[in-house]
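One structure is given below, encoded as C-alpha cells.
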Amino acid sequence: GRPGSTPAQLVKVGFVAQGTPVYAGLTVAEHLRLGARLNPRWDHGLARERIARLGLLPAHRAGRLSGGQRAQLALTLGLAKRPDLLILDEPAAFLDPLARHEFMQHLTEAAAEHRLSVVLSSHLVSDVERACDYLVVLVDSRVQIAGRNTSPSPTPRCCPTLSASRPLPACCPRRAPPSSPAPMWRPSSTST
C-alpha cells in the first residue's frame, strides 16, 4: 500500500522525536493551546490532568523545565492528540535513569489506559525488556530478531525497535549469530 498522507490518516498518528523537542520560549499552557489548535481530536481533559498529575505549572516556560519534565510534556502532547498509534523515537535517550524509569512507567500506563498502540525505537535494552510486548532488533538496518518478549512484565507493553548492535535483552527468544547474513526470525506457531 501507499503511506498515509491525508489529514484523516495523519490525525491518527502521534509522534515524539528524540530529544523530546518542545519550544523553549513557550509555556506549558501555550504548548497545550498549540496542541489543541493543531489537532482536531485533542483531549483537553487528558492534557490538563496529566500536567497537574506531573506537577508541571502551566506558567513555566519549557526551556526552564528539567529534561524529565520536557519529556513528560512531549509525551502529554503526543497522548492528548488521541492517536491510534503513538511512535516514539528514542524518547528517553537523554534522561537520567530515574527520569527514564518514570517516563517509561507513564508511557506503559497511558498505553494501557487509552488502549493505544505504541512503537518505540530505543537503544536502551533495559527499557525495552521491561516495557514491550514484541521486539524487532535491527543491526545495520536489517532485522536480526522479531518475536514476542517472553520476560514477565507487570504492565502492558509496547512494541520497540532496537537499532544498535548491543547485547540483546534476556527476553529475546533467540539470538542471530553475529556473522550471519541477518536472517529474519519468526516465532514458531507454538510460541506465546
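A search for C-beta distances below 6 Å between a residue of segment 1-28 that is more than 12 Å from ASP84 (Cβ to Cβ) and any residue that is aliphatic (A, V, I, L, M) and surrounded by fewer than 12 Cβ atoms within 10 Å (Cβ to Cβ), counting only pairs 6+ apart in sequence or on different chains, returns THR27/ALA59.
Out of all the residues in segment 124-142, is one or more surrounded by fewer than 22 Cβ atoms within 10 Å (Cβ to Cβ), in a strand (DSSP E or B) and among the basic types (Lys, Arg)? Scanning segment 124-142 turns up at least one residue that is surrounded by fewer than 22 Cβ atoms within 10 Å (Cβ to Cβ), in a strand (DSSP E or B) and among the basic types (Lys, Arg). Within the option set HIS31, HIS101, HIS60, HIS44, being within 13 Å of the chain's Cα centre (by Cα) and not charged (D, E, K, R) holds for one residue only, HIS101. Across segment 79-89, a minimum of one residue is classified as surrounded by 23 or more Cβ atoms within 10 Å (Cβ to Cβ), at pLDDT 85 or above, touching a Leu at 6+ places or on another chain (Cβ under 8 Å) and assigned to a helix (DSSP H, G or I).
Filtering PRO40, PRO58 for residues that are assigned to a loop (DSSP other than H, G, I, E, B), closer than 21 Å to SER117 by Cα, without any contact (Cβ under 8 Å) to a residue 40 or more places away in the chain and not polar (S, T, N, Q) leaves a single hit, PRO40. Counting only residues that are buried (at least 18 other Cβ atoms within 10 Å of the Cβ), outside any helix (DSSP H, G or I) and touching a residue at least 40 places away in the same chain (Cβ under 8 Å), segment 90-121 holds 5 of them. Scanning segment 18-37 for residues that are farther than 13 Å from THR76 by Cα and in a loop (DSSP other than H, G, I, E, B) yields GLN18, GLY19, TYR23, ALA24, GLY25, LEU26.
Does any residue of segment 1-16 turn out to be outside any strand (DSSP E or B), under 13 Å from the mean Cα position of the chain (by Cα), under 29 Å from ARG130 (Cα atoms) and among the β-branched types (Val, Ile, Thr)? The answer is no; no qualifying residue exists.
Taking ARG175 as the residue in question, decide whether it is basic (Lys, Arg), assigned to a loop (DSSP other than H, G, I, E, B), closer than 24 Å to VAL16 by Cβ and at pLDDT below 75.
no
The values are calculated or read from the model by the stated rules, or taken from the named source; none is laboratory data. All values derive from a computational prediction rather than experimental measurement. Glycine gets a Cβ as well: all are built from the backbone with ideal geometry, and neighbour counts include every protein chain shown.
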